[in-house]
């Protein structure tokens, strides 16, 4: 039952994000981050997205707690729960709030570690064998997506620095991408979110 709710919340979260691309086209997906949708007219949609994502992550962690054993797998479950707290905080504290960066720091780096610890525990269990391949693909896509987004952000920040644009907390991003700045970070931000949420769906489906 809980795994089914995880899948439902995950799908609804992705649906909220998809709708935002149509109702807020002013935020170019190539270089505008998902959190920036909170600056538009449909803040409630991005808030719902983060809350649904957070709830799905925390519920999955609760469901997994009784399915795994050993200190490392249990630590992985705790990290998934913490990741959910970060996502939930992302909805409660929007991009203009001083705690939004903390939300990112709590929610984003924890899932790659947690997912790997869980993955290499459950794929050795007989009842998870039929889903071994999908779990492996989903798990490795999580940390790969994080590295790709980090690289794309470094490229963007380097471009900003060359133009002399102000950077840092509280500084609102430009409305238009400056000339000569490479902005593909938005795409990789969305890929990361897709990989993170699809991982939740894959694990929940395997539990069902």
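The values are calculated or read from the model by the stated rules, or taken from the named source; none is laboratory data. Everything numeric here is computed off the predicted structure, so don't read it as measured data. As a convention, Cβ positions derive from the backbone with ideal geometry for all residues, glycine included, and neighbour counts pool all protein chains shown.
For segment 156-173, taking the residues that are surrounded by 15 or more Cβ atoms within 10 Å (Cβ to Cβ) and under 21 Å from the mean Cα position of the chain (by Cα), the one that is modelled with the lowest pLDDT is identified as 173.
Residues that are at pLDDT below 95, surrounded by fewer than 17 Cβ atoms within 10 Å (Cβ to Cβ) and not in a helix (DSSP H, G or I) within segment 91-145 comprise 96, 97, 98, 99, 124, 125, listed in sequence order.
In this structure, residue 192 does not qualify as part of a helix (DSSP H, G or I), crowded, with 19+ Cβ neighbours inside 10 Å and at pLDDT below 90. Among what's in segment 54-67 and is touching a helix residue (DSSP H, G or I) at 6+ places or on another chain (Cβ under 8 Å) and farther than 14 Å from residue 4 by Cα, pick the residue that is modelled with the lowest pLDDT. Only one residue fits best here, namely 67.
Residues checked against (1) in a helix (DSSP H, G or I); (2) surrounded by fewer than 20 Cβ atoms within 10 Å (Cβ to Cβ); (3) within 17 Å of the chain's Cα centre (by Cα); (4) without any contact (Cβ under 8 Å) to a residue 60 or more places away in the chain:
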position	(1), (2), (3), (4)
8	yes, yes, yes, yes
17	yes, no, yes, no
28	no, yes, no, no
37	yes, no, yes, yes
